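Asker: First the structure, which I've put down as structure tokens, then a few questions once you've had a look.
The values are calculated or read from the model by the stated rules, or taken from the named source; none is laboratory data. Quick caveat, the model's predicted, so the values are computed rather than measured. Neighbour counts run over all protein chains shown; Cβ positions are idealised from the backbone, glycine included. Quick note on the areas: whole protein, heavy atoms, side chains included, nothing else; ligands and nucleic acids left out. Shrake-Rupley method; radii C 1.70, N 1.55, O 1.52, S 1.80 Å.
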Amino acid sequence: MEAEIKEHEVEVHDKVKSWLNPEMCDLYDSYRPTYTDEAVEFVIQKMDLDSQHTPAGTSCDILELGAGSGIFTKKLLEHLPKNTRLIASDPLPTFLGRLQEKCPSVTTLQCKAEQIPLEDGSVKNIVAAQCAHWFKQPDAVNEILRVLVPNGRLILVRNERDTSCCFVPQMIALWNKYRGNTPGWTRKECTEAYENTSDFTKLQYATLPGPLLKGSLQTILKNVMTTSFLAHLPTEEKEKVQSEFASIFFGIHENEMITIPYTTDVFYCSKV
């Protein structure tokens, strides 16, 4: 199956539109953390990749929703069995362009979770990393159910900064100051649509050791500014915000290495 990007306008949240700017897309791709081998292997273990269980007419073994610039996609490819049929989707053509640069063998599809242009019962596994908070419910869960085969698997993956790190609670408080009405990850809001339906098995949950974000203060600040509602700000406001975040690390030399640990949360269930 050949890789393709269908460049057309897909309606997205206003704060997401910052990543239509190639420079902001590059910033996101360069400074967001990746995923550990342990987490990716755990996700694959929860999938059904047995070719003997593949119904006729399936479009792919795995559909990745909200694949972004391919940070999770690239790690997934490193661990998947050969000949696994993977489609990576995202609403933004800038993200899909970057994904194809890194993963040229992957088929891409420009769409959002609420409108998946695939046939009913044509996908064995759906995975969504770092994006479930953007899904509009119940539209997304209904669409996911539509395209999954019977007993098809759904897996949600989320890197979270570890609040045991002394810097992280202060960072979260400052993010919340600027969040406004931008959708954010909370377990209740992002998983209740899957927990409140009899069409899925009970949603299970695991927390695994996540990646470490290591770098100078400037590296940490660039990571901070990949947050959608901060990337959306005018330049002068961004400079003010960066100064506020920099104050959290007061006393640390500009070139001193800072480490921000993450955990990786994985939620998984099957279509009944």
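Asker: Find the centroid of the Cα atoms in region 101-116 and in region 192-254, then give the distance between the two in whole Å.
Answerer: 24 Å
Asker: Which three numbers, in whole Å and largest first, are the semi-axes of the equivalent ellipsoid of region 130-272 derived from its Cα gyration tensor as √(5λ)?
Answerer: After diagonalising the Cα gyration tensor, the semi-axes are 35, 17, 11 Å.
Asker: Please give the per residue accessible area of region 1-147, computed with a probe of 1.4 Å over protein heavy atoms only, in Å².
Answerer: Spelled out: the 1.4 Å probe surface of region 1-147, per residue, equals 46 Å².
Asker: I would also like to ask the following. Give the average over all directions of the projected area of the C-alpha convex hull of region 1-116, one decimal, in nm².
Answerer: If you wrap the Cα atoms of region 1-116 in a convex hull and average its projections, you get 7.7 nm².
Asker: Let me ask something else about it. Just read off the accessible area of Arg85 with the full protein assembly in place, 1.4 Å probe, to the nearest 10 Å².
Answerer: Here the residue's solvent-accessible area equals roughly 80 Å².
Asker: Quick one: with all protein chains in place, what share of the accessible area of the chain is carbon or sulfur, to the nearest percent (1.4 Å probe)?
Answerer: Carbon plus sulfur share of accessible area: 48 percent.
Asker: Moving on. Which whole number of Å³ per residue matches the convex hull of the alpha-carbon atoms in region 43-105?
Answerer: It comes to 92 Å³ per residue, whole-number rounded.
Asker: Then there's this: What is the Cα centroid distance between region 125-187 and region 71-87, reported in whole angstrom?
Answerer: That distance is 21 Å.
Asker: Per the Cauchy relation, a quarter of the hull surface: what is the mean projected area of the convex hull of the alpha carbons in region 141-206, in nm²?
Answerer: 5.9 nm²
Asker: Among Leu148, Leu86, Leu221, which one moves the most in a GNM of the chain with springs linking Cα atoms closer than 10 Å?
Answerer: Leu221
Asker: Hey, could you pull the Cα Rg and Dmax for region 112-162, both in Å?
Answerer: Values for region 112-162 (Cα only, Rg and Dmax): 11.5, 39 Å.
Asker: Per residue, what volume in Å³ does the Cα convex hull of region 79-201 take up?
Answerer: That works out to 157 Å³ per residue.
Asker: Let me ask another. With the Cα gyration tensor of region 82-122 giving a ≥ b ≥ c as the square roots of its eigenvalues, does the rule (a/c under 1.5 for rounded; else a/b larger than b/c for prolate; else oblate) give rounded, prolate or oblate?
Answerer: oblate
Asker: Accessible area, 1.4 Å probe, largest first: how do Ser30, Ser59 sort?
Answerer: Ser30, Ser59
Asker: Please report the net charge: other residues with Cβ closer than 15 Å to the Cβ of Ala206, K and R +1, D and E -1.
Answerer: +1
Asker: Specify which residue in the list Leu148, Asn21, Leu217 is farthest towards the positive end of the charge dipole of the chain, using unit charges on the beta carbon of Lys, Arg (+1) and Asp, Glu (-1), about the Cα centre.
Answerer: Among Leu148, Asn21, Leu217, the one farthest towards the positive end of the dipole of the chain is Leu217.
Asker: Using a 1.4 Å probe and ignoring any ligands, DNA or RNA, find the accessible area of Glu236 and quote it in Å² to the nearest 10.
Answerer: Surface open to solvent at Glu236 totals about 150 Å².
Asker: Before anything else, pin down the relative contact order of the chain: Cα pairs under 8 Å, at least 6 apart, normalised by residue count, whole percent.
Answerer: So the answer I get is 24 percent.
Asker: What nm value, rounded to one decimal, do you get for the distance between Gln204 and Lys240 when each label is placed 7 Å out toward the C-beta?
Answerer: Label-label distance for Gln204 and Lys240, simple model: 4.9 nm.
Asker: Report the rotationally averaged projected area of the chain based on its alpha-carbon convex hull, in square nanometres.
Answerer: Mean shadow area of the hull around the Cα atoms is 14.0 nm².
Asker: Going out from 0 in 10 Å bins, what whole percent of all Cα-Cα distances in region 62-138 drops into each bin?
Answerer: 19, 57, 23, 1
Asker: For Cα pairs less than 8 Å apart in space and 6+ apart in sequence, what is the mean separation divided by the residue count of region 158-257, i.e. the relative contact order in percent?
Answerer: Normalised by residue count, the contact order of region 158-257 is 34 percent.
Asker: Let me know the Kirkwood hydrodynamic radius for region 168-249, please, with Cα pairs as the basis and the value in Å to one decimal.
Answerer: By the Kirkwood definition, the hydrodynamic radius is 15.3 Å.
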